[in-house]
Amino acid sequence: MRVLFVCAGNLCRSPFAEGLARLRAGERGLDVEFESAGEIAYEGSRCPSDAVAAARRYGVDLTAHRAHRLTAERKAAADEVVPLFDVPDPIGRGADAYRETYARLDERVDELLDRWGGGG
């Protein structure tokens, strides 16, 4: 199974969800591939330092991540596309906003993994 997480810029929400899902799926023994992209991403952009710091608390390393723009090919290659627009975008809102957003995504990723067969 191939899963694509999508947000706006592919700088905080979707790359964090991708990294966390990959980590947790591995812990659960799930055979799922994860990718992320952004609808308005600037190809190659780096994650903000607040995003990197907040992700590190969950064991997710965003330092090497570079933004990818959502393309028709990326979307078509995914078995499931998971939009993350219902989770507040923390860009420019400070470290607390990243912590709050990542806590919500932590719950969301676990719910998705449960649904995909890796229950608890």
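Here, each number is a calculation from the coordinates, and none is a lab measurement. Note that the coordinates shown come from a computational prediction; the quantities given were computed from them, not determined experimentally. Note: ideal-geometry Cβ built from the backbone for every residue, glycine included; neighbour counts use all protein chains shown.
Things worth noting here:
- Database remark: amide H of Phe5 closer than 5 angstrom to the amide H of Glu35, Ser36, Ala37, Val82 (H placed geometrically; neighbours at sequence offset of 5 or more, or on other chains; Pro and chain starts carry no H).
- Under-5 Å amide H pairs with Ser45, H placed in peptide plane, nonlocal only: Ala67
- With θ taken as phi - 60° and the Karplus curve 6.51 cos²θ - 1.76 cosθ + 1.60 applied, the whole-hertz 3J(HN,Hα) list for segment 102-117 is 5, 5, 5, 5, 4, 5, 5, 4, 4, 4, 5, 5, 4, 5, 7, x Hz, x standing for glycine and proline.
- Ala76 versus Leu30: modelled label distance in nm, points set 7 Å from Cα along the beta carbon direction: 2.7
- Here the 3J(HN,Hα) profile of segment 72-81, calculated from phi with Karplus coefficients 6.51, -1.76 and 1.60 at θ = phi - 60°, is 4, 5, 4, 5, 5, 6, 8, 6, 9, 10 Hz, Gly and Pro shown as x.
- Packing rank of 109-115, 97-103, 10-16, 76-82, where each peptide gets the mean count of other beta carbons within 10 Å, highest leading: 10-16, 97-103, 109-115, 76-82
- Antiparallel DSSP beta bridges within the chain, as percent of all bridges there, nearest 5: 10
- Difference of contour (0.36 nm per residue) and Cα-Cα distance, Ala103 to Ser45: 18.5 nm
- Charged side chains reduced to their Cβ positions (Lys and Arg at +1, Asp and Glu at -1) give the chain a dipole of some 300 debye around its Cα centre.
- Once the gyration tensor of the Cα atoms in segment 4-106 is diagonalised, the equivalent ellipsoid follows with semi-axes of 19, 17, 12 Å, ordered largest first.
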